[in-house]
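Heads up, the thing below is written out as structure tokens.
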Amino acid sequence: MTITEPAAKLRRVWLFALLSVAAVMVLVLLLPGDLFLSAPGTDVIGQFVAWRAFAADSILAGHLPLWNPHTYAGEPFLGDFQSAELYPLNIIFLFLPVARAMNLSFLLHLLILAWGVGYWCSRRGFHPVACALAGFTVALSGTVFPHLFGGYLSGICSLAWSPWILAFLEKAWRGPAWRPVLLAAACGCLQILAGSPQYVFYTAIAAGLNALVTSVAEPKLRWRTVPTTAVMYAFAAALSAAQLLPGLAAAAESVRQGKVSFTFAGSLSFPPENLLTLFAPWFFGHLPVESYWGRAYLWETSVFIGVSGVVLAAFALGDSVHGRQARRDLVVAAPLFVLALGAHTPLFRVLYDYVPGFGSFRTSAKFSFPLILFAALALGAGADALLRGRLERKFFAPGVLAAGLLAGAAGAYLLFRPEDIAVLRNFIINTHESYLGQPGYPPEPDLAALGTGAAHSLLFVSGLAIIIGASLLNATRQRQLCWVPLAILPLEMLSFAWGSLGTARLSDVMPNILPAYVQAHPGDYRVINPSWANNGYFLGASDLWGNNPSVLKRYAEFIRFAQKENPDQATQYINFQYLPSYFSLVRLRFIFLRTAQGLQIMDNPGALPHVLLAQNYQVLPGRDAIFAELAKPEFDPRKIVYLESEPSPRPVPSAKTGAVKLTDSTSDSLTIEADTPAPAILLITDLYSRDWHVRSLPGGVQAHYDILPGDYILRVIPLAAGHHHLVVEYAPPSFHAGILVSGIAWLIWLLLMTLFFMKQPKRQDYLVEC
């Protein structure tokens, strides 16, 4: 039998891809069905499990939820990018138990990431082994794999598409642009749908920097790089408009509208001293959190690619074939490193003040991910040089040996004088960016233990560097020694990944006692459950609070004021210390507190019903005036409603208040019937958003209804006298507009791809005997 060489290569690629997916699925099936590859208390347990289960159960019931009633007393769901409801790969949550689906999602996206890096390297002409090593290293690197421990599901899903976008863009710059631009746009769409706008933004910046560097290095491409990149991202935005437009609309009402504070935006910047984690990942301690004594969180501030990885990337800089491109890759990586430093450089203030987007996120340390992508290209180039025998580096091996000896000397010094680590530890303490020793974390660790741990880390680095340096020194005489650093690298990465694993159980999502308690106390109420705030779906009762950035700004200001803090500084974070009586507005009934003595349950009787009628109102000039009235001891939420504009029709006091009942409800709608002997106000004790609308049903006297904010945070509907039958539904116009734009964009995409394949000339492949 004979087959063409490109066909044979493609068959091998697909076979490898299918085998790796099969291996991942077998691994997932072998794991216990209730086990998560993330630590307890992290984002998987504290958010994504409940959200994915809520979305999957709703979709299986025939309904795509746009609103989440279970967290923050209600918040946009589709509009929160992290819900990722429209992300195609989340289909696995419809067919698998949530723990298995979560683990499969993590591991599949690590594969997609590794394949993407490997594909990008193959476009550069690297040896297949070099491509595989680069992809493997990135997938298990410090910027990626520890996010499994932190449970950052949407981040892993989004960053997996970055190398594909960057590789297809490079392909578009150097050849016929249509097909790679279309493929890059599809990957950009998937990255947006996957749920992390921050990685989308940072990948776009990396693509822009790469385009600029390429246009300078290759002037003939100057009129292709930046315009092609801009066109691709515009097309990706159109393809993902069904998610992008509702997300932007929801963000405009959230605490992230405009800019977050400079202090918040600058938090979790990459600490310069954490460059040591490039080759010494455990210098500042290990995971879990309480073992790490450096700044911020280790899963955000590690850039580990192994001693071998650093050596290979450095080796590429002098390569006669790929050295020039490797140096360009590191030129792109350099500004990404400066951006990762965030608030540790004066540039961040300028970017925050004048560049759109930089004031919308925190954790600029995430810029280290695209930085490592470009470093991995240099790593792959170095591996390619070794594999193909390009060893002309006279002083390189001695330099590696010298670096190893230097690291060994530093490690030996700390081993005998471990208490001298106090200089670095005190510096970190004074930055106020380390969480160790703060409330909720263990006390300060023993300095001698810190110094000894750092010493062992440096001594391990020293040993590896000496072995690698010695092998390279003799590689010109014994070519098989070139495989020493190539063999050490995957072992380093696997060891690091093993040390970065965390596990949790489904039982960590919510103690069984709480759902049982809620079930034993039926009613339409909300709770405060700080330890499991995002898991109201599993609790069976909506939570008053949560922990994600889509909380409505009006509501965050209300809660901030209730805790006697400045509402102008409202964020997604709050510590509940006060339970004012006007929490009855949002139907608060129970408070669940986890204390040293165990679980404490407090009852808060007096919560308002879901719907009620009011006749008295007062128009006040703004937020602060309304809050001042709510805080007065005589305030009775059943008797008066504070508005920001005059209602139409205006309520008329009557001896009879009328009757109202809630006849049906879903996550996105309420069906209400009311009889009012005189014009009145319908107060709904759910949060106001401009995307809630009212629709009249047959049998009502009123054809049109307005929905207004009442008591600053709730929904108010002015009613005329008579019988009313209406539906209050969450229907963002941005969603319908987004579906239209996405539908048209995908039709254009499919048409262009079809035209491309129809016009593609046949390749003159040569035959190979099998």
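Look at V200 and say whether it is surrounded by fewer than 24 Cβ atoms within 10 Å (Cβ to Cβ) and part of a helix (DSSP H, G or I).
Values: surrounded by fewer than 24 Cβ atoms within 10 Å (Cβ to Cβ): no; part of a helix (DSSP H, G or I): yes.
Answer is no for this residue.
Residue by residue, here is whether (1) touching a strand residue (DSSP E or B) at 6+ places or on another chain (Cβ under 7 Å); (2) farther than 25 Å from I681 by Cβ; (3) modelled with pLDDT of 90 or more; (4) aromatic (F, W, Y) holds:
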| residue | (1), (2), (3), (4) |
| --- | --- |
| F561 | no, no, yes, yes |
| P567 | no, no, yes, no |
| Q572 | no, yes, no, no |
| N575 | no, yes, no, no |
| P580 | no, no, yes, no |
| R587 | yes, no, yes, no |
| A625 | no, no, yes, no |
| P633 | no, no, yes, no |
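Residues are listed down the side, and each one gets a yes or a no for (1) open to solvent by 20 Å² or more (accessible area, probe 1.4 Å); (2) under 30 Å from F54 (Cα atoms); (3) among the small types (G, A, S):
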site	(1), (2), (3)
P97	yes, yes, no
R100	yes, yes, no
L104	no, yes, no
H109	no, yes, no
S141	no, no, yes
Margin query: Regarding the stretch 349-368, can at least one residue be identified that is under 21 Å from L113 (Cα atoms), part of a helix (DSSP H, G or I) and hydrophobic (A, V, I, L, M, F, W, C)?
Written below: yes
Next item on the list: Mind listing just one residue for me: the one in the stretch 283-319 that is in a loop (DSSP other than H, G, I, E, B) and in contact with a strand residue (DSSP E or B) (Cβ under 9 Å, 6 or more places away or on another chain) and, of those, most open to solvent (accessible area, probe 1.4 Å)?
Entry: H286
Item checked: Residues (over 20 Å from R623 (Cα atoms) and open to solvent by less than 20 Å² (accessible area, probe 1.4 Å)) located in the stretch 703-722 -> Y705, P718, L719
Check: Considering only the stretch 388-414, how many residues are within 19 Å of V307 (Cβ to Cβ) and in a helix (DSSP H, G or I)?
Finding: 18
Next item on the list: For the stretch 418-443, name all the residues that are at pLDDT 90 or above, open to solvent by 40 Å² or more (accessible area, probe 1.4 Å) and touching a Gly at 6+ places or on another chain (Cβ under 7 Å).
Entry: E419, D420
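In the set S645, S654, which member is among the polar types (S, T, N, Q) and either farther than 28 Å from P69 by Cα or not in a loop (DSSP other than H, G, I, E, B) (or both)?
Numbers: S645 fails: either farther than 28 Å from P69 by Cα or not in a loop (DSSP other than H, G, I, E, B) (or both).
Only one candidate qualifies: S654.
Do we find a residue being in contact with a strand residue (DSSP E or B) (Cβ under 8 Å, 6 or more places away or on another chain), in contact (Cβ under 8 Å) with a residue 60 or more places away in the chain and more than 15 Å from W161 (Cα to Cα) anywhere in the stretch 82-101?
Residues of the stretch 82-101 that are in contact with a strand residue (DSSP E or B) (Cβ under 8 Å, 6 or more places away or on another chain), as a first pass: 83, 99.
Add one more test, that the residue is in contact (Cβ under 8 Å) with a residue 60 or more places away in the chain, and what stays is 83, 99.
Narrowing further to those that are more than 15 Å from W161 (Cα to Cα): 83, 99.
The answer is yes, given that some residue of the stretch 82-101 is in contact with a strand residue (DSSP E or B) (Cβ under 8 Å, 6 or more places away or on another chain), in contact (Cβ under 8 Å) with a residue 60 or more places away in the chain and more than 15 Å from W161 (Cα to Cα).
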Notebook entry, point to check: Only one of (1) farther than 24 Å from L588 by Cα; (2) without any contact (Cβ under 8 Å) to a residue 60 or more places away in the chain; (3) not hydrophobic (A, V, I, L, M, F, W, C) fails for T676. Which number is that?
Noted result: (2)
Next item on the list: Kindly list, by first and then second residue, each pair from a residue in the stretch 370-399 that is at positive phi to a residue that is open to solvent by less than 30 Å² (accessible area, probe 1.4 Å) and at pLDDT below 95, limited to pairs with Cβ atoms under 8 Å and residues at least 6 apart or on different chains.
Entry: G389/C482
Check: Would it be correct to say that G118 is open to solvent by less than 20 Å² (accessible area, probe 1.4 Å) and without any contact (Cβ under 8 Å) to a residue 24 or more places away in the chain?
Finding: yes
Check: Restricting attention to the stretch 250-282, which residues are in a helix (DSSP H, G or I) and open to solvent by 20 Å² or more (accessible area, probe 1.4 Å)?
Finding: A251, F262, T263, F264, P272, E273, L275, L276, L278
Margin query: I'd like the full set of residues that are in contact with a helix residue (DSSP H, G or I) (Cβ under 6 Å, 6 or more places away or on another chain), under 17 Å from A130 (Cα atoms) and without any contact (Cβ under 8 Å) to a residue 40 or more places away in the chain, limited to the stretch 460-498.
Written below: L481, V484
Margin query: Report every pair of residues separated by at least 6 positions or lying on different chains whose Cβ atoms are under 8 Å apart, first residue within the stretch 419-437 and touching a residue at least 24 places away in the same chain (Cβ under 8 Å) and among the acidic types (D, E), second assigned to a helix (DSSP H, G or I) and open to solvent by 80 Å² or more (accessible area, probe 1.4 Å).
Written below: D420/Y413
Item checked: Enumeration of residues in the stretch 660-693 that are within 15 Å of L719 (Cα to Cα), outside any strand (DSSP E or B) and open to solvent by 20 Å² or more (accessible area, probe 1.4 Å) -> P677, P679
Margin query: So, S457, is that one at pLDDT 95 or above, in contact with a helix residue (DSSP H, G or I) (Cβ under 6 Å, 6 or more places away or on another chain) and either open to solvent by 30 Å² or more (accessible area, probe 1.4 Å) or assigned to a helix (DSSP H, G or I) (or both) or not?
Written below: no
Next item on the list: Within the stretch 510-567, track down each residue that is closer than 30 Å to Y642 by Cβ and open to solvent by 40 Å² or more (accessible area, probe 1.4 Å).
Entry: G523, D524, P530, N547, K553, R554, F561, K564, E565, N566
Item checked: Where R362 falls short, out of the listed (1) buried (at least 19 other Cβ atoms within 10 Å of the Cβ); (2) more than 29 Å from G258 (Cα to Cα) -> (2)
Note to self: Being small (G, A, S) and farther than 17 Å from L552 by Cβ is the requirement here; does S83 meet it?
What the structure shows: no
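Does T657 fit the bill of being touching a residue at least 40 places away in the same chain (Cβ under 8 Å), open to solvent by 60 Å² or more (accessible area, probe 1.4 Å), among the β-branched types (V, I, T) and at negative phi?
On the way: touching a residue at least 40 places away in the same chain (Cβ under 8 Å): yes; open to solvent by 60 Å² or more (accessible area, probe 1.4 Å): yes; among the β-branched types (V, I, T): yes; at negative phi: yes.
Yes.
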Check: What residue, among those in the stretch 639-649 that are open to solvent by 40 Å² or more (accessible area, probe 1.4 Å) and under 41 Å from the mean Cα position of the chain (by Cα), is nearest to L585 (Cα to Cα)?
Finding: E644
Next item on the list: Quick one: which residue in V13, V44, V24 is under 21 Å from P511 (Cα atoms) and not polar (S, T, N, Q)?
Entry: V44
Notebook entry, point to check: For the stretch 129-189, list the helices (runs of 4 or more DSSP H) that sit wholly inside it and hold at least 2 residues that are aliphatic (A, V, I, L, M), at pLDDT 95 or above and within 25 Å of A217 (Cβ to Cβ); which are they?
Noted result: 162-174
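The values are calculated or read from the model by the stated rules, or taken from the named source; none is laboratory data. All values derive from a computational prediction rather than experimental measurement. Here the Cβ is made from the backbone with ideal geometry for all residues, glycine too, and neighbour counts use every protein chain on show. The protein model used for the area step is the full one, side chains on, heavy atoms only, and it has no ligands, DNA or RNA in it. Shrake-Rupley method; radii C 1.70, N 1.55, O 1.52, S 1.80 Å.
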